[in-house]
1. When the convex hull of the C-alpha atoms of the range 119-193 is computed, what volume per residue in Å³ does it have?
2. Looking only at Ala154, Ala36, Ala176, which one moves most when the chain is put into a Gaussian network model with springs between Cα atoms under 10 Å?
3. Which chymotrypsin sites (Phe, Trp or Tyr not before Pro) from the range 26-127 combine a DSSP loop assignment with at most 11 other Cβ atoms within 10 Å?
4. Give me the aspartates and glutamates in straight-line cross-link reach of Lys193: C-alpha distance below 12 Å, same-chain residues under 8 apart excluded.
5. On each of the three principal axes of the Cα atoms of the range 54-191, give max minus min coordinate, whole Å, ordered largest first.
6. For n ≥ 4 DSSP H runs only, could you compute -39500 (n - 2.57) per run for the chain, divide by its residues and tell me the 222 nm figure to the nearest 500?
7. For the range 55-97, run through the trypsin sites (Lys or Arg not before Pro) and keep only the ones in DSSP coil with at most 13 other Cβ atoms within 10 Å of their Cβ.
Amino acid sequence: MSPHIDNDKAVHAARNRNRWMLIGVVAVFIVPILFAIALHLGGWEPKGTKANGTLIDPPKQVDAIAITMADGGKFVWRNPQWQWTLLALPGTNCLQRCRDELADLVRMRATLGRNAERLRLVYLGPALPAPLLAALAPVQAGSDDTRAFADLGARRDDELALALVDPGGFLMMRYAEGYDLGGVRRDLPKVVK
């Protein structure tokens, strides 16, 4: 065999090896991208990246909406503490189940630790007895004078829906009645800092 033929085989083998190496390097970058696209198109999302409530898109400015508090004063949306506001919006009545959910919200707020002060709980619905309101502190009670939040409230009697308003007075998220309190608790630390 001549050295020329062996040299051609060696060059051809080296060229093939280089081509396969280039294809492998490209595949290392392209295959994960294609896999991620396939997962996304299939509807899969990793846990913890999705909000539990329904995002309001675009956020709705609500700081001009008049809210009369139980003590007769007006609610101030933009306060000096720059707090988020979680609105509790009951159905037609707020009886035992609704009141239990309000108490759960108070306990959930306490689990925020040092960030609990960054969240106001505001109940906008039928008047509650004064002793109950005292027991539910720090819940503030008021009424939606213009019924601007009526479409966000619970649809069923004795149920509670929630709405989250940012410190700038923008409605950001809604939790329909039957919401998962654990889901609300997981969402809040992401925003209340």
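Rule-based calculations on the coordinates, nothing more; no lab input. Nothing here was measured: the structure is a model prediction, and the numbers come from that model. Positions of Cβ are backbone-derived with ideal geometry, glycine not excepted, and every protein chain shown enters the neighbour counts.
1. Details: hull volume 8.4 nm³, N = 75.
Taking only Cα atoms, the range 119-193 has a hull volume of 112 Å³ per residue.
2. Looking only at Ala154, Ala36, Ala176, the biggest GNM fluctuation is shown by Ala36.
3. Details: sites: Phe29, Phe35, Trp44, Phe75, Trp77, Trp82, Trp84, Tyr123; in loops: Trp44, Phe75, Trp77, Trp82.
Hits after loop and neighbour filter: Trp44, Trp82.
4. Straight-distance partners of Lys193: Glu117, Asp166.
5. 31, 31, 27
6. Details: 4 runs with 71 residues, N = 193.
It lands at -12500 deg cm²/dmol.
7. Numbers: sites: Lys60, Lys74, Arg78, Arg97; in loops: Arg78.
Of the trypsin sites (Lys or Arg not before Pro), the ones in loops of the range 55-97 whose Cβ has at most 13 other Cβ atoms within 10 Å are Arg78.
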